1. Looking at VAL175, VAL80 in this structure, which one is out of contact with any His (no Cβ under 9 Å at 6 or more places or on another chain), surrounded by 14 or more Cβ atoms within 10 Å (Cβ to Cβ) and more than 22 Å from VAL8 (Cβ to Cβ)?
2. For LEU223, are the conditions met, namely being in contact (Cβ under 8 Å) with a residue 40 or more places away in the chain, open to solvent by less than 20 Å² (accessible area, probe 1.4 Å) and over 25 Å from ASP314 (Cβ atoms)?
3. Any idea which of GLU114, GLU106 is of a type in the set (Asp, Glu) and assigned to a strand (DSSP E or B)?
4. Looking at the range 550-562, is at least one residue over 30 Å from ASP381 (Cβ atoms), among the β-branched types (Val, Ile, Thr) and open to solvent by less than 30 Å² (accessible area, probe 1.4 Å)?
5. Which condition breaks for VAL100 when tested against (1) among the aliphatic types (A, V, I, L, M); (2) open to solvent by 50 Å² or more (accessible area, probe 1.4 Å); (3) assigned to a helix (DSSP H, G or I)?
6. So is VAL8 touching a residue at least 24 places away in the same chain (Cβ under 8 Å), β-branched (Val, Ile, Thr) and either surrounded by fewer than 16 Cβ atoms within 10 Å (Cβ to Cβ) or within 25 Å of TRP241 (Cα to Cα) (or both) or not?
7. Would you pick out the residues in the range 479-507 that are at pLDDT below 90 and acidic (Asp, Glu)?
8. Does LEU197 satisfy the condition of being under 14 Å from THR301 (Cβ atoms) and either of a type in the set (A, V, I, L, M, F, W, C) or in contact with an Asp or Glu (Cβ under 7 Å, 6 or more places away or on another chain) (or both)?
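The values are calculated or read from the model by the stated rules, or taken from the named source; none is laboratory data. All values reported here derive from a predicted model rather than from experimental measurement. Positions of Cβ are backbone-derived with ideal geometry, glycine not excepted, and every protein chain shown enters the neighbour counts. The area values use the complete protein model at the heavy-atom level, side chains included, leaving out ligands, DNA and RNA. Shrake-Rupley method; radii C 1.70, N 1.55, O 1.52, S 1.80 Å.
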Amino acid sequence: MAAVFPTVREVLALDPVRHGAPRVVAGDAGLDRPVRWVHVAEVPDIATLLGGGELVLTTGIGLPGDDAGLRAFIGDLADVGVSGLVVELGRRYVSGVPRVMAAAAERRGLPLVELRRATPFVRITEAVHALIVDSQLTELRATEEIHQRFTDLSVEGADAAEVIRQAAELSGCPVVLENLSRQVLGYDPAGESAELLLDGWEQHSRRIRPAGRTAYDQDSGWLVTVVGARGQDWGRLLLRWPAGGELPTRRGVDPAEPQPRPGNGPPTRLTILIERAASTLALGRLIRRDAEGLERQNHRTLLTALLDHSRPVDEVALRAKALGVVLDRRHLVGVMVRHRADDPAADGGPEAGPARLRDLSEAVGQALREAKLTALTSAVDDHSVGALLALPDASAEDRALSAFAVALRRVRLDAGASRAASGADVSRAVGGAPGALIVAAGSGVGSLREARRSLVEARQIAEAARRDRRDLPIFRLPHVGLAGLLHLLRDEPRLQTFVERELGALLEYDARHPRERLLDTLRAYLEQGRNKSAGAVAAHLSRPAFYERLARIARILDVDLDSVEATLSLHVALVALDAVRTP
């Protein structure tokens, strides 16, 4: 029976009923029963004409005169499931209903109410029926809004977070989306404490066992539906009703009156709402079936939030904990994994870029699982996969990073072997081949508020290491050398000013005379250790032409190219220029 109907308690609060000075004499535990209709009866065998859920009004004139008859009358009403019995005093019973009737009603949990003042029953029936019709119209309008809202979300391709937010907004209740392992994929506390809502979620969720695909678990107060499509369920959507344990006040009820508690489950509209929300989530997942899963989306959201400060760290910690990744009171290490080459054409053409990144993300995730490490991990840009390792203490850092690097290499080798079995080239997966990886780690930190520094440092080290031909299992800050150091400082205005001061005049000359490419001539000279003969060969120029160009460079820059100090400064500026130009 839908809870759209008013309860006995709400009916007693209506003005026409209050006019009769109502008094509950038995069965007050059943005052939250819904009233489907009001029926006036003056005959003892009325139960055969009822269907359950009625509030019966009577003056008692036709009721049995003996105790056994009264017990049978109450028993018949209780058996058919009426909501309550209201007896107007004055005609049959003057001072009160018989004790045997009250005792029988109390024993059967049937609300028995006396009206101590004469009241036209028609006024009561009109008021109750108007309330029922008004409630049903309100429910209908709410249901129509639910259907329209989620239809729009489906058409717009809204993400899971937006669907959950809309479900919480329409219901006014906390909503949680979890996977089959009881990890939280998304939630909206509807104004309540998110920390209290998610505290110990997995254990709490496993105690919520509704009977059916969509059902209300009375013991926990959660309305639950399964999320999935095409026979493949992948999660559950849960809505806690009523929010805070109280029902919203209905129209016509004195706010001072105690509000009812959920005795018959949530309103039909909430069942419709949670099912529509679940179908929208399932449809969205089907549409985006080639995209990353919700778990990975949540990981990416949290890593991005740490990198760009888009969410408070406390919220990130709470959401990560709900995903099974505890970041509080942990030693945190930022890790970045990327291919040496940005050009996806090396691995199969431009369209292979997203697929290559997705494969890399899956490989990193698998390596973390094999190394038994806890981490947030996802792609953080078009080329890199990031991970924030959560370790028990600093002493575990080196061991964890080594285990991850070994596991990642093994995963990549296995993937390469699989490709070889299908005719692909294994050499592209490891070593110095085009598909080779760089694994970089930032400095470990002791709190989530410092995690961004470790992640940013790892990303900068990974970028700098692309110029390093060594095949190190893990690149750390001491490995990046001068080129790496300058790459880390490439956004520093003082470094950019230094480059302009040292090379600006030559860059301007090359811009006006693009065919001469004097900057390349200078680079060849410096990279060959100021050996002019070797420089001429590297530049593919004759010695006289090379010497003439060096003389021109010296005039343009006003420097002595035989000076060790001057050429050292120019060489550093060239390396810095490369770092500044690299995105």
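1. Numbers: VAL80 fails: more than 22 Å from VAL8 (Cβ to Cβ).
Just a single option satisfies the conditions, and that option is VAL175.
2. Values: in contact (Cβ under 8 Å) with a residue 40 or more places away in the chain: yes; open to solvent by less than 20 Å² (accessible area, probe 1.4 Å): yes; over 25 Å from ASP314 (Cβ atoms): yes.
So LEU223 passes the test.
3. Selected residue: GLU114, the only one of GLU114, GLU106 that is of a type in the set (Asp, Glu) and assigned to a strand (DSSP E or B).
4. Here is the first cut: in the range 550-562, the ones over 30 Å from ASP381 (Cβ atoms) are 550-562.
Pick out the ones that are also among the β-branched types (Val, Ile, Thr) and you get 553, 556, 559.
Okay, now just the ones that are also open to solvent by less than 30 Å² (accessible area, probe 1.4 Å), so 553.
Yes: the range 550-562 contains one or more residues that are over 30 Å from ASP381 (Cβ atoms), among the β-branched types (Val, Ile, Thr) and open to solvent by less than 30 Å² (accessible area, probe 1.4 Å).
5. If we test VAL100 against (1) among the aliphatic types (A, V, I, L, M); (2) open to solvent by 50 Å² or more (accessible area, probe 1.4 Å); (3) assigned to a helix (DSSP H, G or I), just (2) comes out false.
6. Values: touching a residue at least 24 places away in the same chain (Cβ under 8 Å): yes; β-branched (Val, Ile, Thr): yes; either surrounded by fewer than 16 Cβ atoms within 10 Å (Cβ to Cβ) or within 25 Å of TRP241 (Cα to Cα) (or both): yes.
So VAL8 passes the test.
7. ASP491, GLU492, GLU500
8. When the stated conditions are applied, LEU197 does not pass them.
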